[in-house]
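Participant: Here it is, the structure in full.
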Amino acid sequence: MPRLILVRHGQSQWNLENRFTGWWDVNLTAQGEAEARAAGALLAAKGVLPTVAFTSLQTRAIKTLHLALEAAGRLWIPETKDWRLNERHYGGLTGLDKAETAAKHGDDQVKIWRRSFDIPPPVLEPGGAFDLAADPRYAGIAIPSTESLKDTIARVLPYYEGVIAPQLRAGETVIVAAHGNSLRALVKHLSGISDADITGLEIPTGQPIVYELDAALAATERYYLSER
Ligand SMILES: O=C(O)[C@H](O)COP(=O)(O)O
């Protein structure tokens with residue numbers, strides 16, 4: 001039966017600094033690299049070996065994938081990178097300190113921006129330090145100016161259905177190395193979590209989550225590989 005492995009990137013420099021990151025491209029910390037290697041070693045130890053990989057266009061997810069695959073002895077498998085697996089775009093909050101933003105706007109407002117289903121953060125104004133319009137990796141892509149989880153789902157799910165699901169149906173063991181909110185989008189769909197309940201779901205860095213799927217790609221089980 002098809003199997004899907006989800007892994008959020010290891011700790012990034014801005015996870016460490018507690019800054020809103022979104023589409024901004026930050027690297028892994030040494031701890032994040034270690035988390036990624038440990039994730040791959042766990043895949044190998046448990047015999048859960050991916051045959052096809054997907055990741056975003058962001059360095060922290062790509063490096064997590066590569067370090068994990070190397071540790072699992074699977075660096076050779078086919079791999080596809082796509083912006084639709086990018087982190088949710090954090091709009092005008094990009095680069096700000098999460099604690100300072102909470103002190104300025106209040107915890108409740110920041111929780112709405114971080115975890116509400118359909119209320120996006122303020123937009124990122126063009127031309128500022130975090131404008132990605134000139135980044136060649138996004139050439140030809142309509143870069144969002146902000147995204148709610150609902151907006152993120154609107155680009156992650158069609159990609160899952162159109163590109164990832166056919167690989168699962170073909171019997172591949174698929175690994176997706178991505179981000180807290182692009183993976184929340186997938187988990188919401190696969191586990192049938194309501195708009196209200198998804199606000200409480202957190203995805204830890206570097207911890208492989210395994211979905212066992214039936215032939216129709218309905219989830220029969222979801223578990224942290226570290227707990228098996
Ligand atoms: O983009 C970010 O800042 C993080 O990857 C996820 O942030 P969040 O926990 O605020 O959703």
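Bear in mind that the values in this text are calculations on the coordinates, not laboratory data. Just so we're clear, the structure is a prediction, and the values are computed from it rather than from any experiment. Reconstructed Cβ throughout: ideal geometry from the backbone, glycine too, with neighbour counts over all protein chains shown.
Participant: So, R0 is 35 Å and r is the distance between the beta-carbons of Glu227 and Ala142; what FRET efficiency does that work out to, to 0.05?
Facilitator: Values: r = 40 Å, r/R0 = 1.14.
Once rounded, the FRET efficiency stands at 0.30.
Participant: Can you put Phe117, Phe54, Phe130 in order, fewest other beta carbons within 10 Å first?
Facilitator: Result, fewest neighbours first: Phe117, Phe130, Phe54.
Participant: Tilt of helix 59-72 relative to the longest C-alpha principal axis of the chain, in degrees (0 to 90, nearest 10)?
Facilitator: 20
Participant: On to the next question. Rounded to the nearest 10 degrees, what's the angle between the helix 30-46 long axis and the longest principal axis of the chain, both from Cα atoms, 0 to 90?
Facilitator: The two axes meet at around 20 degrees.
Participant: Another question about this same structure. With everything on Cα atoms, drop me the angle between helix 149-159 and the longest principal axis of the chain, reported from 0 to 90° to the nearest 10.
Facilitator: 40
Participant: With runs of 4+ DSSP H residues as the only contributors, calculate the mean residue ellipticity of the chain at 222 nm using -39,500 (n - 2.57) per run, divided by the residue total and rounded to the nearest 500. Working shown, then result.
Facilitator: Numbers: 8 runs with 81 residues, N = 228.
Here the helix-only value at 222 nm equals -10500 deg cm²/dmol.
Participant: Still on this model: For Ile141, what is the net charge nearby, where nearby means another residue's Cβ is under 15 Å from its Cβ and Lys, Arg count +1, Asp, Glu -1?
Facilitator: Cβ neighbours under 15 Å give a net charge of -3.
Participant: For Lys188, list the lysines whose Cα falls under 27 Å from its own Cα; do not include residues on the same chain fewer than 8 positions away.
Facilitator: Leaving aside lysines fewer than 8 places away in the same chain, those within reach of Lys188 are Lys46, Lys63, Lys81, Lys98, Lys111, Lys150.
Participant: Per residue of the range 75-88, in order, report the coupling 6.51 cos²θ - 1.76 cosθ + 1.60 (Karplus, θ = phi - 60°) as ³J(HN,Hα) in whole Hz, putting x for Gly and Pro.
Facilitator: These are the phi-based 3J(HN,Hα) values: 4, 8, 6, x, 9, 10, 10, 8, 5, 5, 9, 4, 4, 4 Hz.
Participant: Given the options Ile119, Ile193, Ile77, state which has the largest fluctuation in a GNM of the chain using a 10 Å cut-off (strictly under) for Cα springs.
Facilitator: The residue that fluctuates most here is Ile77.
Participant: Going by C-beta contacts inside 10 Å, put Thr101, Thr80 in order with the fewest on the left.
Facilitator: Ascending Cβ contact count within 10 Å gives the list Thr80, Thr101.
Participant: Starting at the first residue of the range 138-145, write each ³J(HN,Hα) from the Karplus equation 6.51 cos²θ - 1.76 cosθ + 1.60 with θ = phi - 60°, in whole Hz, x for Gly and Pro.
Facilitator: 9, 4, x, 9, 6, 5, x, 9
Participant: Please give the Cα centre distance for the range 137-189 versus the range 10-28, rounded to the nearest Å.
Facilitator: After rounding, the separation between the Cα centres reads 19 Å.
Participant: Further question on the same structure: Give me the net charge for the shell around Lys188: Cβ to Cβ below 15 angstrom, other residues only, Lys and Arg +1, Asp and Glu -1.
Facilitator: That sum, taken over residues with Cβ under 15 Å, equals 0.
Participant: Local charge sum around Ala178 (other residues, Cβ-Cβ under 11 Å, Lys/Arg +1, Asp/Glu -1)?
Facilitator: So the environment of Ala178 carries a net charge of +4.
Participant: Just for the chain, what percent of DSSP beta bridges are antiparallel, to the closest 5?
Facilitator: 45
Participant: When the chain is treated as a GNM, springs tying every alpha-carbon pair under 10 Å, which of Lys111, Lys98, Lys188 comes out with the largest mean-square fluctuation?
Facilitator: Lys111
Participant: Towards the positive end of the charge dipole of the chain, with charges on Cβ (+1 Lys, Arg; -1 Asp, Glu), say which of Pro121, Leu57, Ser148 has the farthest Cα.
Facilitator: Leu57
Participant: In nm, give the distance between the simple-model label positions of Ala30 and Ala129, each being 7 Å from the Cα along the Cα-to-Cβ direction.
Facilitator: Placing both labels 7 Å beyond Cα along the Cβ direction yields 2.6 nm.
Participant: Ok, one more. Test of understanding: ordering Glu87, Glu221 by Cβ neighbours within 10 Å, fewest first, what list do you get? Present the calculation step by step, with values, prior to reporting the outcome.
Facilitator: Details: Glu87 25, Glu221 11.
Arranged by neighbour count, lowest to highest, Glu87, Glu221 become Glu221, Glu87.
Participant: If you average the C-alpha positions of the range 45-78 and of the range 86-112 separately, how far apart do those two centres end up, in angstrom?
Facilitator: The range 45-78 and the range 86-112 have Cα centres spaced 30 Å from each other.
Participant: With only Lys, Arg, Asp and Glu charged, each at its Cβ (+1 for the first two, -1 for the last two), find how big the charge dipole of the chain is about the Cα centre; round to the nearest 20 debye.
Facilitator: Approximately 360 debye in magnitude.
Participant: Could you work out which residue, out of Asp197, Asp151, Asp214, moves most in a Gaussian network model of the chain, that is, has the largest mean-square fluctuation with Cα springs under 10 Å?
Facilitator: Its mean-square fluctuation being the largest, the pick is Asp197.
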